[in-house]
Ligand SMILES: Cc1cc2nc3c(=O)[nH]c(=O)nc-3n(C[C@H](O)[C@H](O)[C@H](O)COP(=O)(O)OP(=O)(O)OC[C@H]3O[C@@H](n4cnc5c(N)ncnc54)[C@H](O)[C@@H]3O)c2cc1C
């Protein structure tokens, strides 16, 4: 029987970042993932943005998550010799004079200058932004499928990647280790996104998943290095190619694109985007959001060496590097899990 330090179940953002953290700790792993183009990480736009612009505040734990985020991905870009993280600033379009005044009043806030700058200029002729926009610092986007595929393609001995479905009935639980097929492990970490509800070891943890849809469009407009946003984002991918989204729904949690979401996204885009465009693709996925909108990590109650990393909601890109490190430090370096994100709150 081949022995590894860790079994990681799930190879989305959570699982792949966990694998990288184990590499940094000189711990061996098997990453087991059934690749599916509709998984949250593969559907996501990959944008990272510390601001909740409509609510005029920064997102949870922004001061720890965002300032070094690009460098975390860049470290992996250098290791894997592949570019997948792009420093494109998100530009939140100010809708009217009242909102502009609100932002001006906020400029005295402690966090303001660390995260945003008010710009009194139009983004472009075709992006209506007469009241200017909020330039959100420390924002950008990650090509997540490229990142995941590149990481997995580079996994080599002593580590292993298995492209297969995990069957919880086949995990043999001993007092101080686990066995799965022909392998044994000291620890298991479940990083399954919304699939945790099909795993008997994580059944008591409840998510509040949110479905979202994204359109790919082609348009003659040339916007680069910037992601205009209001209601929906317009993410420039490459010459004339953009992604637009997204919406949130909490029923019909499947991966099937709907006409109603398509219309909602187009309507929101056309409020401020005036160039003609053609829709080339439409996808849907389900975000693994938690009930209290906080990540979920730490030790499970079923076994002292079973762990979880989940609950990233719509913030997988920014949460995965920070919370995978928190979990690996907890497992191997006597680190602590913040009580607000500890899985214990569900147990
Ligand atoms: C429309 C949409 C837009 C989004 N936009 C953004 C964005 O712009 N920025 C951002 O940061 N986040 C965004 N997100 C959220 C982001 O995608 C998630 O937070 C993140 O991808 C979750 O990663 P995860 O690894 O926890 O879960 P997942 O990506 O779901 O990964 C779980 C993995 O586990 C595997 N798995 C599960 N069960 C098994 C099993 N039994 N056997 C084998 N493999 C298994 C799955 O195949 C999958 O690969 C968006 C999500 C959606 C749906």
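Where strands (runs of 3 or more DSSP E) fall wholly inside segment 132-241, the ranges with 2 or more residues that are farther than 25 Å from residue 329 by Cα and touching a residue at least 40 places away in the same chain (Cβ under 8 Å) are 133-136, 140-142, 210-219, 226-230, 232-238. Can you pull out the residues in segment 160-175 that are more than 11 Å from the ligand (Cβ to nearest atom) and either within 23 Å of the chain's Cα centre (by Cα) or more than 21 Å from residue 302 (Cα to Cα) (or both)? Residues satisfying the conditions are 160, 161.
When restricted to residues that are without any contact (Cβ under 8 Å) to a residue 60 or more places away in the chain, over 22 Å from the mean Cα position of the chain (by Cα) and under 13 Å from residue 307 (Cα atoms), segment 323-347 contains 1. Has segment 302-314 got at least one residue that is in a helix (DSSP H, G or I) and within 16 Å of the ligand (Cβ to nearest atom)? No: segment 302-314 contains no residue that is in a helix (DSSP H, G or I) and within 16 Å of the ligand (Cβ to nearest atom).
Against the criterion of being at pLDDT below 95 and farther than 16 Å from residue 13 by Cα, residue 171 does not qualify. Only residues that are in contact with a helix residue (DSSP H, G or I) (Cβ under 6 Å, 6 or more places away or on another chain) and either surrounded by fewer than 23 Cβ atoms within 10 Å (Cβ to Cβ) or under 16 Å from residue 155 (Cβ atoms) (or both) were counted across segment 34-44, and they come to 1. Does at least one position in segment 184-194 carry a residue that is near the ligand (Cβ under 10 Å from one of its atoms), within 30 Å of residue 21 (Cα to Cα) and surrounded by fewer than 22 Cβ atoms within 10 Å (Cβ to Cβ)? The answer is yes; a qualifying residue exists. Just so you know, in segment 147-159 the residues that are surrounded by 15 or more Cβ atoms within 10 Å (Cβ to Cβ) and away from the ligand (no atom under 14 Å from the Cβ) include one that is farthest from the chain's Cα centre (by Cα), and it is 159.
Evaluated against (1) within 12 Å of the ligand (Cβ to nearest atom); (2) more than 20 Å from residue 207 (Cβ to Cβ); (3) outside any loop (DSSP other than H, G, I, E, B), residue 319 falls short on exactly one condition, (2).
The condition (being buried (at least 20 other Cβ atoms within 10 Å of the Cβ), under 25 Å from residue 92 (Cβ atoms) and touching a residue at least 12 places away in the same chain (Cβ under 8 Å)) is satisfied by just one residue among 275, 320: 320. Can you name the residue in segment 34-49 that is more than 6 Å from the ligand (Cβ to nearest atom) and closer than 15 Å to residue 282 by Cβ and, of all such residues, is nearest to the chain's Cα centre (by Cα)? Within segment 34-49, the match that is nearest to the chain's Cα centre (by Cα) is 42. The listed residues are 100, 69, and the only one of them that is within 22 Å of residue 341 (Cβ to Cβ) and surrounded by 15 or more Cβ atoms within 10 Å (Cβ to Cβ) turns out to be 69.
The values are calculated or read from the model by the stated rules, or taken from the named source; none is laboratory data. Predicted model, so just to flag it, every value in this text is computed and none were measured. Neighbour counts run over all protein chains shown; Cβ positions are idealised from the backbone, glycine included.
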